[in-house]
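These notes are about the structure you will find just below.
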Amino acid sequence: MRRQLNLYGERILGRLVKWLIRLLRRANPDRASDFCGAVARRIGPLLPAHRIGQANLRAAFPDKDAAWIKATLREAWDNLGRVAGEYVHMARIWDFDPDHPDAGHIHTDNVPMFEMLRDDGKPALCFAAHLANWELPAIAAAAHGLPSAVVYRMPNNKAVAKEIIRIRAPLMGRLIRTRAQAALEMAAALTAGEHLGMLVDQHFSRGVDVTFFGRRCKANPSVARLARRFDCPVVGVRVIRQPNHHFRIEAFGPYELPRGPDGLIDVAAATQMITTIIEGWIREHPGQYLWFHRRWR
């Protein structure tokens, strides 16, 4: 009986998501973002994830008072809702024009770096975090002509996963699902000279120990391990949400990752370095970060 109820629940959720996507598509990107942000601000504090966010913020910013935490979480819920509303409009949001860099939704000063990565004849590794609209860096790579691959987590609901893949596939290059053979697919992408992007800021049970906001946790070492094997450029990309539905995309690097006595990249030290960089990004814009994930366990 429980299994049957779960199946019914999944079907209902899948149909609800399809209906919501159709509804949001009828609105323009700005209105969809505003609507979903407003809904998330109202509903988010009522959800169990809100308590996770409160605990995470208290741990990360022990010197901040309750009013600051409340305001930051409100902004974080708003950001998460806007990401959902913008998702179906990714192709329309990405309107960056190098000849008119201040005209559209997307602003960046890093076109030379993207062009360098495109033209150097090498594969590259790109790490990012769940900041602002974290889907945009993957679009940036493809839009600048970089042969790219993106690591992503498949939603449990098959209908939802199908809709997400349908949106992502035309915009983001090769899609690599997080599963047992993902490591082989990531290595194959780099061997083929592609630029591999992944989000590395959440708990990774098979990861290495790092310090994040002064506390120990597990971090994904994939970037460091692949950099050790392929000795290719490593860059970081972050998105900053700006007023009036605009975004700034900033790229950093290529980084010199720490190496061991053998001359090879030190996986643990490099993973800590990447984690520290991401922590710095979050400290600059804490309200744009996804705090609703149990980072410390």
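Do we find a residue being of a type in the set (Lys, Arg), within 15 Å of residue 127 (Cβ to Cβ) and part of a helix (DSSP H, G or I) anywhere in the stretch 220-227?
Within the stretch 220-227, the subset of a type in the set (Lys, Arg) is 225.
Going one step further and asking which of them are within 15 Å of residue 127 (Cβ to Cβ), we end up with 225.
After this cut, where a residue has to be part of a helix (DSSP H, G or I) as well, the list is 225.
The answer is yes, given that some residue of the stretch 220-227 is of a type in the set (Lys, Arg), within 15 Å of residue 127 (Cβ to Cβ) and part of a helix (DSSP H, G or I).
Just to be sure, is residue 241 in contact with a helix residue (DSSP H, G or I) (Cβ under 8 Å, 6 or more places away or on another chain) and part of a loop (DSSP other than H, G, I, E, B)?
No: the conditions fail for residue 241.
Condition test on residue 86, is it over 22 Å from residue 214 (Cβ atoms), within 22 Å of the chain's Cα centre (by Cα) and surrounded by fewer than 21 Cβ atoms within 10 Å (Cβ to Cβ)?
No: the conditions fail for residue 86.
If I filter the stretch 26-33 for residues that are among the polar types (S, T, N, Q) and at pLDDT below 90, do I get at least one hit?
Among the residues of the stretch 26-33, at least one is among the polar types (S, T, N, Q) and at pLDDT below 90, which makes the answer yes.
Given the options 124, 149, name the one that is at pLDDT 75 or above, within 16 Å of the chain's Cα centre (by Cα) and either surrounded by 16 or more Cβ atoms within 10 Å (Cβ to Cβ) or farther than 26 Å from residue 229 by Cβ (or both).
On the way: 124 fails: within 16 Å of the chain's Cα centre (by Cα).
One residue alone meets the criteria, 149.
Residues checked against (1) within 30 Å of residue 28 (Cβ to Cβ); (2) within 16 Å of the chain's Cα centre (by Cα); (3) crowded, with 21+ Cβ neighbours inside 10 Å:
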position	(1), (2), (3)
183	no, no, no
189	no, no, yes
219	no, yes, yes
233	no, no, no
237	yes, yes, yes
250	yes, yes, no
262	no, no, no
265	no, no, yes
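Of the residues 251, 183, which is in contact with a helix residue (DSSP H, G or I) (Cβ under 8 Å, 6 or more places away or on another chain) and not in a strand (DSSP E or B)? I'd like the intermediate steps shown before the answer.
Numbers: 251 fails: not in a strand (DSSP E or B).
Sole residue among the options that is in contact with a helix residue (DSSP H, G or I) (Cβ under 8 Å, 6 or more places away or on another chain) and not in a strand (DSSP E or B): 183.
Is there a residue being surrounded by 15 or more Cβ atoms within 10 Å (Cβ to Cβ), among the β-branched types (Val, Ile, Thr) and modelled with pLDDT under 85 anywhere in the stretch 59-71? Explain how you work it out, then say what you get.
Filtering the stretch 59-71 for residues surrounded by 15 or more Cβ atoms within 10 Å (Cβ to Cβ) gives 60-61, 69.
Next, from what is left, pick out any that are among the β-branched types (Val, Ile, Thr): 69.
When the remaining residues are screened for being modelled with pLDDT under 85, the result is none.
There is no residue in the stretch 59-71 that is surrounded by 15 or more Cβ atoms within 10 Å (Cβ to Cβ), among the β-branched types (Val, Ile, Thr) and modelled with pLDDT under 85.
Here are the criteria: (1) within 29 Å of residue 110 (Cα to Cα); (2) modelled with pLDDT under 90; (3) among the acidic types (Asp, Glu). Tell me which single one residue 163 does not satisfy.
Evaluating residue 163 over (1) within 29 Å of residue 110 (Cα to Cα); (2) modelled with pLDDT under 90; (3) among the acidic types (Asp, Glu) leaves (1) as the failure.
Looking at the structure I just gave you, is residue 57 touching a helix residue (DSSP H, G or I) at 6+ places or on another chain (Cβ under 6 Å) and of a type outside the set (Asp, Glu)?
Answer is yes for this residue.
What number of residues in the stretch 267-297 are surrounded by 14 or more Cβ atoms within 10 Å (Cβ to Cβ), of a type in the set (D, E, K, R) and free of Cβ contacts under 8 Å to residues at least 24 places away in the same chain?
Selection size over the stretch 267-297: 0.
The values are calculated or read from the model by the stated rules, or taken from the named source; none is laboratory data. Remember, it's a predicted structure, so these values are computed and weren't measured experimentally. Cβ atoms come from the backbone with ideal geometry, glycine included; neighbour counts cover every protein chain shown.
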